[in-house]
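To keep things clear, I will list the structure first and then write my remarks on it.
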2 protein chains.
Amino acid sequence: MNVTVRGRTQHFRTVTFDRARNSVLLIEQRLLPHEFKIIATKNFRETAAAIRDMIVRGAGAIGATAAYGLAQGALAFRGNNSKNFSAHIKNVYQVLKNARPTAGDPVNAMNDVLDAMRAGKTVEEKQSLALAAAEEFANEDVEHCKEIGRHGAKLIRNGMKILTHCNAGWLAFVDIGTATAPMYAAQKLGKKFHVFCDETRPRSQGATLTAWELAQQNISHQIIADNAAGHLMQRGEIDLVIVGSDRTLGRTGEVTNKIGTYTKAVLAARHKIPFYVAIPLSTIDWNLKSGLKIPIEERSESEVLGAWGIGSRGKRESVRVANPTSGARNPGFDVTPPELITGIITPAGIFKPKGLWKRRRELGFGG
Amino acid sequence: MNVTVRGRTQHFRTVTFDRARNSVLLIEQRLLPHEFKIIATKNFRETAAAIRDMIVRGAGAIGATAAYGLAQGALAFRGNNSKNFSAHIKNVYQVLKNARPTAGDPVNAMNDVLDAMRAGKTVEEKQSLALAAAEEFANEDVEHCKEIGRHGAKLIRNGMKILTHCNAGWLAFVDIGTATAPMYAAQKLGKKFHVFCDETRPRSQGATLTAWELAQQNISHQIIADNAAGHLMQRGEIDLVIVGSDRTLGRTGEVTNKIGTYTKAVLAARHKIPFYVAIPLSTIDWNLKSGLKIPIEERSESEVLGAWGIGSRGKRESVRVANPTSGARNPGFDVTPPELITGIITPAGIFKPKGLWKRRRELGFGG
């Protein structure tokens, strides 16, 4: 999407590849919204470190980064010994996989690259195929988000007020994003609307990343405390909710997403406000039979006990907000049941959550 | 309640009066939870400033502070000219009232003091009666909170996990508090339980004040992001919710309280978790006919856009968390309808919210 740096507006993807330097270019997301900076990784180890250290985050974005990282590793190989090359690739794959061991996207993306490489006979051919496959993965991610936007934009009418939670924007993908895709597409169609961004404690991705994205695209928006949406719904100030999902269960229609999503779904249902979840097909889990069986990651207490931002000296500063002798619980995700979800917006169209399983063939299950 | 300072445990009230120095003693709440300090106001103007500047906050606490402030002003008067004294008292009253012009408690408390003063014939008698009335107001506040505790403690069973929102603790009253009163009473009865404190963005009173209170009383507790309670309820980890209220509508049973309270009530109803509101009778509004007519105060954007705490240099620091080119909405309160409330815990017993009106005579309406 567009970013304006020192008065100049330019199009950026979250992740791109610089062939000449054999380098993965990434938006340094940890500096946002306070600083916009592109970093270039020198080798696959630096790319893995960028995934591990959250320079890049979000399902599609880390998938594309891992795919490019694997290509980067392949291209760095000197010589034409296929056996040595094979051993090298295995190592690159492991290093990138270990950067975020619980994430499915890097593994899926790298498997695409490995599959493509099999068609090559020489090391050189395999190297070219690896990069082409990584590029294809990234481009497909963008196309899928575009399709989500095309379908989702139909839900947005002029004058609507839309609530979103956390960041399922273009920063979480290669471009465009999922929950934001309908907004960007509706904007292109000339529709006027207003977005409320839940700040999304404890990591504040809504106040930082989503708000930054919307500001860059000149979309009317305001940040609200996570406590405020219920009141706004009660007073008729929210017409539509669109969120993303880390994992959607194809068999049950349950949606796993950032902590607090479930609460917004419960509130929306009470107020009969449509609640949509925008997802790429790759995040559908066709195996799991119950969302309540998903173990919820308990994250560091320090996220809840403090906050960070720009301090009085104009520099990044962490502050301890909470009582220093108290601890915290910090579940990272929650599960929203299908009866609270109006529809799942996918690149293939909008589906009822319980309708995913029936349509599984066309959604790529076992395909 | 008890506070341990440098290893020494002592009993404190939020507000007390030092007759010898003619001074109101207040816990400097803006420094909590990071520093515990008692400040002594030199005159009624300083007392008014303490109310205005939020050194003291909370319904009962500012009521008692204003009552003591009026007595302090009365006692500072030199001479025995009744007319001059009368004019002086009017001025003191206005200065204290203007410190927080929208709050009802200071006015109610000061009217009690004025009423009592009428029985005095001389300036000296009126001065004594003023202080006695202020002391009585403060003591009654404590007694009412004790009664709330006595009734509410019956709801707490061994092993329960209790959710509370914001701070309706002893810091908001003269002692004991309202939402916390059942917890402190249950602890005295030897019951074991665990409290989840919503951090209560944007001002984080749960993470700072309530957590500090519970830590001082050695009550097992954890702070959670406001986003987390829905998930905890879904997984069966919350058995009871107790919150306070700024204003409860006697005619309808609607409860106005800190933003986010309504959300917790909606979640509790979905999970069939008892949701109680603990209030002193003075916060019942017997006139208003609809909660939806209550104008909701829109507070400063900066509260949502940032946070404050102890920074890396060990000092108080404010940080700007949010995207610097984004604004915020910041409604301060919300309204919870009676069908979501299991009961209202008052000093006179526990009532169904819609039962308040029928029982209005015994609850002091028109009394």
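The values are calculated or read from the model by the stated rules, or taken from the named source; none is laboratory data. From a predicted model like this one, the values you see are computed outputs, not experimental measurements. Ideal geometry is used to build each Cβ from the backbone, glycine not excepted, and the neighbour counts take in all protein chains shown. With ligands, DNA and RNA removed, areas are computed over all heavy atoms of the protein, side chains included. Shrake-Rupley method; radii C 1.70, N 1.55, O 1.52, S 1.80 Å.
What's the ranking of B:202-211, B:114-123, B:99-108 by average number of surrounding C-beta atoms within 10 Å, highest first?
Working: B:202-211: 28.1, B:114-123: 14.6, B:99-108: 17.1.
Put in order of decreasing packing, that is B:202-211, B:99-108, B:114-123.
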Study note, to complete from the structure: So A:Thr122 and A:Lys192, fully extended at 0.36 nm per residue minus their Cα-Cα distance, gain in nm 19.8 nm
Practice item. Specify the inter-centroid distance of the stretch B:108-135 and the stretch B:1-75, based on alpha-carbon positions, in whole Å. Key: 20
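Within 13 Å, Cβ to Cβ, of B:Tyr276, how many net charges do the neighbouring residues add up to if Lys/Arg are +1 and Asp/Glu are -1? Can you show the working numbers first?
Values: positive: B:Lys154, B:Lys264, B:Lys352; negative: B:Asp239.
Taking every Cβ under 13 Å from that of B:Tyr276, the sum is +2.
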Exercise for review: Net charge near A:Glu297: determine it from the other residues with C-beta under 15 Å of the C-beta of A:Glu297, scoring Lys and Arg +1 and Asp and Glu -1.
Suggested key: +4
Revision key, fill the gap. In whole Hz, the Karplus estimates of ³J(HN,Hα) for the stretch B:42-59 (6.51, -1.76, 1.60; θ = phi - 60°; x where Gly or Pro) are 7, 7, 5, 5, 5, 5, 4, 4, 5, 5, 4, 8, 6, 4, 10, 9, x, 3
Practice item. State log₁₀ I(q)/I(0) for the protein assembly as shown at q = 0.09 Å⁻¹ as given by the Debye formula over alpha-carbon point scatterers of equal weight, solvent excluded. Key: -0.83
Practice item. Could you pull out the trypsin sites (Lys or Arg not before Pro) across the stretch A:265-367 that fall in loop regions by DSSP (anything but H, G, I, E, B) with no more than 11 other Cβ atoms inside 10 Å? Key: A:Lys272, A:Lys289, A:Arg313, A:Lys315, A:Lys358, A:Arg361
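If one computes P(r) from the Cα atoms of the stretch A:1-48, what percent of pairs lie at distances over 15 Å? Kindly include the intermediate steps, with their values, before the conclusion.
Working: 553 of 1128 pairs.
Summing the P(r) tail past 15 Å for the stretch A:1-48 gives 49 percent.
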Review point. What are the nm distances, shortest first, from B:Asn98 to its equivalents in the other copies, labels at 7 Å along Cα→Cβ?
Key: 7.0
Point to revise | Test item: B:214-227 mean partner chain Cβ contacts at 10 Å | key: 6
Check your understanding: What is the diffusion coefficient of the stretch A:93-181 in µm²/s, taking the Kirkwood radius over Cα pairs and the Stokes-Einstein relation at 37 °C with a viscosity of 0.692 mPa s?
Key -> 216
Exercise for review: Mind giving me the FRET efficiency for B:Glu28 and A:Glu28? R0 is 30 Å, r the Cβ-Cβ distance, nearest 0.05 is fine.
Suggested key: 0.15
Practice item. Have a look at the DSSP beta bridges in chain B and tell me what percent are antiparallel, nearest 5. Key: 60
Practice item. Counting helices only, and only those DSSP H runs with n ≥ 4, report the 222 nm mean residue ellipticity of the protein assembly as shown as the sum of -39,500 (n - 2.57) divided by its residues, in deg cm²/dmol to the nearest 500. Key: -10500 deg cm²/dmol
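What does the highest-first list of B:38-45, A:249-256 look like by mean Cβ count within 10 Å?
On the way: B:38-45: 17.1, A:249-256: 22.8.
Most protected by this proxy first, the peptides run A:249-256, B:38-45.
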Revision key, fill the gap. Partner shielding of A:260-271, as the mean number of partner chain Cβ atoms within 10 Å, equals 5
Exercise for review: At a probe radius of 1.4 Å, figure out the A/B buried accessible area, summed over both chains, and give it in Å² to the nearest 100.
Suggested key: 5400
**Study point:** Net charge over other residues, Cβ less than 13 angstrom from the Cβ of B:Ile89 (K, R count +1; D, E count -1)
**Key:** +4
Study note, to complete from the structure: Between A:Ser82 and A:Asp115, the FRET efficiency computed from the C-beta separation at R0 = 25 Å comes out, to the nearest 0.05, as 0.90
Review point. Past the 26 Å Cα-Cα mark, which pairs from A:Lys258/A:Lys293; B:Lys42/B:Lys258; B:Lys264/B:Lys315; B:Lys161/B:Lys264; A:Lys146/A:Lys289; A:Lys191/A:Lys315?
Key: B:Lys42/B:Lys258; B:Lys264/B:Lys315; A:Lys146/A:Lys289; A:Lys191/A:Lys315
**Study point:** Simple spin-label estimate for B:Ile39 and B:Arg19 in nanometres, 7 Å along Cα-Cβ
**Key:** 2.6
Check your understanding: Please identify the GluC sites (Glu not before Pro) of the stretch B:31-138 that satisfy two criteria: DSSP loop assignment and at most 14 other Cβ atoms within 10 Å. Which are they?
Key -> B:Glu35
Check your understanding: Say we join alpha carbon atoms closer than 10 Å with springs in a Gaussian network model of chain A; which of A:His221, A:His151, A:His88 then has the biggest fluctuation?
Key -> A:His88
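Averaged per residue, what accessible area in Å² does the stretch B:243-367 show with a 1.4 Å probe, protein chains only? Write out the running numbers ahead of the final one.
Values: 5150 Å² over 125 residues.
I get 41 Å² per residue for the stretch B:243-367.
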Check your understanding: Assuming R0 = 22 Å, what is the FRET efficiency of B:Asp53 and B:Val5, from their Cβ-Cβ distance, to the nearest 0.05?
Key -> 0.45
Check your understanding: Helix A:82-98 sits at what angle to the longest principal axis of chain A, using alpha carbons and giving 0 to 90 degrees rounded to 10?
Key -> 20
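Per residue and in Å³, how big is the convex hull formed by the alpha-carbon atoms of chain A? Working shown, then result.
On the way: hull volume 56.0 nm³, N = 367.
Cα-based convex hull of chain A, divided per residue, equals 153 Å³.
Tally the DSSP beta bridges in the protein assembly as shown and give the antiparallel ones as a percent, rounded to 5.
On the way: 56 of 98 bridges.
If I count the DSSP bridges inside the protein assembly as shown, around 55 percent turn out antiparallel.
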Point to revise | Zero-based 10 Å bins, Cα pair distances in the stretch B:226-367, whole percents | key: 11, 33, 28, 20, 7, 1
Check your understanding: Round to a whole number: what % of the accessible area of the stretch A:162-303 belongs to carbon and sulfur, probe 1.4 Å?
Key -> 47
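By DSSP, what percent of the beta bridges with both residues in the stretch A:185-314 are antiparallel, rounded to the nearest 5? Could you put the intermediate results ahead of the total?
Details: 2 of 11 bridges.
So the antiparallel bridges in the stretch A:185-314 amount to around 20 percent.
Where the accessible area of the stretch B:69-152 is counted over protein heavy atoms with a 1.4 Å probe, how much of it, in %, is carbon and sulfur? Mind showing how you got there, number by number?
Working: 2050 of 4250 Å².
For the stretch B:69-152, the apolar C and S fraction of the accessible surface comes to 48 percent.
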